[in-house]
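Peer 1: Can you read through this structure? Questions will come right after.
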Amino acid sequence: MTHQILAAAASTVGGGERWTFYILAPVAVLCAIGMVWARNAVHSALFLVVTMLCLGVFYLVQAGPFIGFVQIIVYTGAIMMLFLFVLMLVGRDASDSLIETLRGQRTAAIVLGLGFAGLLSAGLAEALGHVRPVDLAAANQAGNVQGIARLLFTNYVFAFEVTSALLITAAVGAMLLAHVEKRKEDKVSQPAMMRARFAPGNYPAPKPGPGVFPTSDSVATPARMPEGTPAARSISKILPQRELTAREAAPKGTEG
């Protein structure tokens, strides 16, 4: 009786689940296509984040809260944010996308991608066409999380380890994509930096320190020259210069 109730519940789709799929399915597909076609690595990662969020919502509406929250928290909230952090930290220019860090990596990526797509298609065809889910109540008798953990680390431990290896491979691939090799002529040596600093027209010495006034000790307050005028080199151009009062702007010894 329990199996008949579960089968009947699985065969019916509610209105909320249907409309959620109608709205989010096109978004997930478009973002998946954008992830593949985006030239910028950061944009591609953002598209993948949206796709993963849509998958998490699909799991939740299909009564899979554990895998839904794992999809959102672990994959979207941790792994993809780590990839985005690394990409934004080291920088990634779209003009470098035509440079192959590893020889033949595009051909290998196309072959592996087609093979992976074939494996997914074969697995989905077999699962949807010839396999019927049974004994779900027995597997979840101790709890959904406990049942998933028992099956994951017993019957499917090899697949779990292979998935871990794929995640490590993805992390290494993100590092290779983010790595930008500088040419030898672009690298500036220390003697070259020293000669450029002491070239005619430059000011190699540090700027004079800020002046200390009776009413202010701010770094935005300029220092005074011996004659009492503000020193032009004492304030950085990015800092707003504080307005001097008539008393402070007067030369020393003339304040009355």
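Peer 1: Being part of a helix (DSSP H, G or I) and open to solvent by 50 Å² or more (accessible area, probe 1.4 Å) is the filter here; which residues of region 142-158 pass it?
Peer 2: Listed by number, the residues that qualify are Asn144, Val145, Gln146, Ile148, Arg150, Leu151, Leu152, Val157, Phe158.
Peer 1: Okay, next question. Can you confirm whether region 95-103 contains a residue that is open to solvent by less than 50 Å² (accessible area, probe 1.4 Å) and at pLDDT 75 or above?
Peer 2: So the first thing to find is which residues in region 95-103 are open to solvent by less than 50 Å² (accessible area, probe 1.4 Å), and the list is 96-97.
Those left that are additionally at pLDDT 75 or above: none.
No, because not a single residue in region 95-103 is open to solvent by less than 50 Å² (accessible area, probe 1.4 Å) and at pLDDT 75 or above.
Peer 1: Additional query: I'm trying to understand the selection: among the residues of region 14-23, which are open to solvent by 40 Å² or more (accessible area, probe 1.4 Å), in contact (Cβ under 8 Å) with a residue 24 or more places away in the chain and of a type outside the set (Phe, Trp, Tyr)?
Peer 2: Within region 14-23, Gly16, Glu17 meet the criteria.
Peer 1: Return the only residue of Pro200, Pro222 being modelled with pLDDT under 75 and either open to solvent by 70 Å² or more (accessible area, probe 1.4 Å) or not in a helix (DSSP H, G or I) (or both).
Peer 2: Pro222
Peer 1: Need pairs with beta-carbon distance below 6 Å; first residue at pLDDT 75 or above and within region 135-153, second open to solvent by less than 60 Å² (accessible area, probe 1.4 Å); sequence gap 6+ or separate chains.
Peer 2: What qualifies is Gly147/Ala139.
Peer 1: Of the residues Thr107, Thr163, only one is closer than 27 Å to Ala63 by Cα and at pLDDT 80 or above; which? Write out each step before concluding.
Peer 2: Values: Thr107 fails: closer than 27 Å to Ala63 by Cα.
So the residue among Thr107, Thr163 that is closer than 27 Å to Ala63 by Cα and at pLDDT 80 or above is Thr163.
The values are calculated or read from the model by the stated rules, or taken from the named source; none is laboratory data. Nothing here was measured: the structure is a model prediction, and the numbers come from that model. Methodologically, a virtual Cβ is constructed for each residue, glycine included, from the backbone with ideal geometry; neighbour enumeration extends over all protein chains shown. Surface areas here come from the heavy atoms of the whole protein model, side chains and all, with no ligands, DNA or RNA. Shrake-Rupley method; radii C 1.70, N 1.55, O 1.52, S 1.80 Å.
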